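Enquirer: One structure is given below, represented as structure tokens, and several questions about it will come after.
The values are calculated or read from the model by the stated rules, or taken from the named source; none is laboratory data. Please read all numbers here as calculations on a predicted model, not as lab measurements. Here the Cβ is made from the backbone with ideal geometry for all residues, glycine too, and neighbour counts use every protein chain on show. SASA here: full protein model, heavy atoms, side chains in, ligands and nucleic acids out. Shrake-Rupley method; radii C 1.70, N 1.55, O 1.52, S 1.80 Å.
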Amino acid sequence: MHMAEQIHLANPALRGRLLVDEPMRKHLSWRTGGTADRAYVPADLDDAAQFLRSLPADESVYFIGLGSNVLVRDGGIRGTVILMHSSHADLHMDAGLVYAEARAASPKLARFAATHGYAGAEFLAGIPGTVGGALAMNAGCYGSETWDAVQRVLTLRRNGELRVRVPGEFDIAYRHVALRGGELGADEWFAAAWFGFERGDREAARRRIRELLQHRINAQPLDLPNAGSVFRNPPGDHAARLIEACGLKGYAIGGARVSEKHANFIVNARARGSAADIENLIEHVRNTVLATHGIDLVAEVRIIGEAAT
């Protein structure tokens, strides 16, 4: 009997879906990657907490939202993935703050805030992931970052405990969020957040969202599988400029290619590239920029799992 079946038999109260040997390419925007031993789609946050409590203490656990900033190696994941994305994720007003579950898509949060007459969330429409992912990496674009508006967060611990934390408990920087005195993501993950946006003009906010989405369509290779910006921008410069200056636009390894439209994007044309192709191309780009410009680019993409044997 699979451990997955044992978990469900021992915990009939679980309401989510438990998947065995789940191909991660179905859940990643690069449309490639190995299989996870188990993947769980929780019914809600309480169900996710109950599921975590049901797992053996030594079980490896990974949280993945829309998979827009993750690469799973071809050998897959030995452990359990919790798939934290839902079109039914809770979004509501709470004493003048916008409450958003980590499972909600970032663009949905942008539209919700605009509809309720708040300004400052529009940039989130340009982030192709979940609120949880945006919180975990302080995602940002167009001059704004996620934690600019965070008032407090709800985290989910490995033991199933839900805990409220405030920004002062975290070290927050450009594309970086870490729990002070701990390692966020090792045994604690973002479950929700309360955002404090300023009152604004509803129609102006909606118009700004449309403008940002059009800019994204014009500037990024959205017609091909990709994971957004691969590298952080170094201080005072842009990763895309450095990569393009190295003549790497269009450079390919296997099915992975540096986008001709935006040099800081790696596309998986026709979804034929392997995770190894993408990882090798990331390293090639990084090494080339370092040798040419003396700048060591830092990847934004999270690479997990085992290499194929």
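Enquirer: Against the definition (more than 17 Å from T288 (Cβ to Cβ), assigned to a helix (DSSP H, G or I), among the hydrophobic types (A, V, I, L, M, F, W, C) and free of Cβ contacts under 8 Å to residues at least 24 places away in the same chain), how does I217 come out, yes or no?
Expert: Numbers: more than 17 Å from T288 (Cβ to Cβ): yes; assigned to a helix (DSSP H, G or I): yes; among the hydrophobic types (A, V, I, L, M, F, W, C): yes; free of Cβ contacts under 8 Å to residues at least 24 places away in the same chain: yes.
Yes, satisfied.
Enquirer: Could you check H238 against (1) open to solvent by less than 80 Å² (accessible area, probe 1.4 Å); (2) touching a residue at least 24 places away in the same chain (Cβ under 8 Å); (3) under 23 Å from G133 (Cβ atoms); (4) of a type outside the set (S, T, Y) and say which number it fails?
Expert: Condition (1) is where H238 drops out.
Enquirer: Follow-up question, since we're still on this one. Does I243 satisfy the criteria of being open to solvent by less than 20 Å² (accessible area, probe 1.4 Å), in a helix (DSSP H, G or I) and within 17 Å of W30 (Cα to Cα)?
Expert: Details: open to solvent by less than 20 Å² (accessible area, probe 1.4 Å): yes; in a helix (DSSP H, G or I): yes; within 17 Å of W30 (Cα to Cα): no.
No; evaluated as a whole, the condition is false for this residue.
Enquirer: Still on this structure, please answer the following. Do you know which of the residues in the stretch 117-145 that are under 15 Å from W194 (Cβ atoms) and either open to solvent by less than 10 Å² (accessible area, probe 1.4 Å) or polar (S, T, N, Q) (or both) is farthest from the chain's Cα centre (by Cα)? Show your work before the answer.
Expert: Of the stretch 117-145, the ones under 15 Å from W194 (Cβ atoms) are 118, 120-121, 124, 131-132, 134-135.
Those left that are additionally either open to solvent by less than 10 Å² (accessible area, probe 1.4 Å) or polar (S, T, N, Q) (or both): 121, 124, 131, 134-135.
Numbers: A121: 17, L124: 13, V131: 8, A134: 6, L135: 9 Å.
Checking each candidate, the answer is A121.
Enquirer: Being open to solvent by 30 Å² or more (accessible area, probe 1.4 Å) and part of a loop (DSSP other than H, G, I, E, B) is the filter here, so list the residues in the stretch 71-80 that pass it.
Expert: Residues of the stretch 71-80 that are open to solvent by 30 Å² or more (accessible area, probe 1.4 Å), as a first pass: 73-74, 78.
Those that are open to solvent by 30 Å² or more (accessible area, probe 1.4 Å) and part of a loop (DSSP other than H, G, I, E, B): R73, D74.
Enquirer: So, A100, is that one open to solvent by less than 10 Å² (accessible area, probe 1.4 Å), of a type in the set (A, V, I, L, M, F, W, C) and assigned to a helix (DSSP H, G or I) or not? Walk me through it before giving the result.
Expert: Numbers: open to solvent by less than 10 Å² (accessible area, probe 1.4 Å): yes; of a type in the set (A, V, I, L, M, F, W, C): yes; assigned to a helix (DSSP H, G or I): no.
No: the conditions fail for A100.
Enquirer: Out of G250, G181, report the one residue that is surrounded by fewer than 16 Cβ atoms within 10 Å (Cβ to Cβ), in a loop (DSSP other than H, G, I, E, B) and modelled with pLDDT of 95 or more. Show your work before the answer.
Expert: On the way: G181 fails: modelled with pLDDT of 95 or more.
Of the residues listed, the single one that is surrounded by fewer than 16 Cβ atoms within 10 Å (Cβ to Cβ), in a loop (DSSP other than H, G, I, E, B) and modelled with pLDDT of 95 or more is G250.
Enquirer: Being of a type in the set (D, E, K, R) and part of a helix (DSSP H, G or I) is the filter; apply it to the stretch 42-68 and report the residue that is farthest from P107 (Cα to Cα).
Expert: As a first pass, look at the stretch 42-68 and keep what is of a type in the set (D, E, K, R): 44, 46-47, 53, 58-59.
Right, trim to part of a helix (DSSP H, G or I) and you get 46-47, 53.
Numbers: D46: 24, D47: 25, R53: 31 Å.
Taking the candidates together, the pick is R53.
Enquirer: Of the numbered conditions (1) in a helix (DSSP H, G or I); (2) open to solvent by 40 Å² or more (accessible area, probe 1.4 Å), A186 fails exactly one; give the number of that condition.
Expert: Answer for A186: the failing condition is (1).
Enquirer: Test each condition in (1) more than 28 Å from V301 (Cβ to Cβ); (2) among the hydrophobic types (A, V, I, L, M, F, W, C); (3) in contact with a Phe, Trp or Tyr (Cβ under 6 Å, 6 or more places away or on another chain) for W189 and report the one that comes out false.
Expert: Unmet condition: (1).
Enquirer: Further, regarding this structure: Going by the structure shown, is S229 polar (S, T, N, Q) and buried (at least 22 other Cβ atoms within 10 Å of the Cβ)? Walk me through it before giving the result.
Expert: Details: polar (S, T, N, Q): yes; buried (at least 22 other Cβ atoms within 10 Å of the Cβ): yes.
When the stated conditions are applied, S229 passes them.
Enquirer: What number of residues in the stretch 264-309 are farther than 15 Å from G228 by Cα, outside any helix (DSSP H, G or I) and of a type in the set (D, E, K, R)?
Expert: Total satisfying the criteria: 3.
Enquirer: What is the one condition in (1) within 25 Å of A227 (Cβ to Cβ); (2) open to solvent by less than 20 Å² (accessible area, probe 1.4 Å); (3) of a type outside the set (S, T, Y); (4) at pLDDT 95 or above that A114 does not satisfy?
Expert: A114 satisfies every listed condition except (1).
Enquirer: Identify, from the list S106, S68, S87, the residue that is farther than 26 Å from T309 by Cβ, surrounded by fewer than 18 Cβ atoms within 10 Å (Cβ to Cβ) and within 16 Å of the chain's Cα centre (by Cα). Don't jump to the end; show me each part of the working.
Expert: On the way: S106 fails: surrounded by fewer than 18 Cβ atoms within 10 Å (Cβ to Cβ); S68 fails: surrounded by fewer than 18 Cβ atoms within 10 Å (Cβ to Cβ).
Of the residues listed, the single one that is farther than 26 Å from T309 by Cβ, surrounded by fewer than 18 Cβ atoms within 10 Å (Cβ to Cβ) and within 16 Å of the chain's Cα centre (by Cα) is S87.
Enquirer: Please find, within the stretch 270-305, the residue that is surrounded by the fewest Cβ atoms within 10 Å (Cβ to Cβ) out of those that are out of contact with any helix residue (DSSP H, G or I) (no Cβ under 8 Å at 6 or more places or on another chain) and of a type in the set (G, A, S).
Expert: G294
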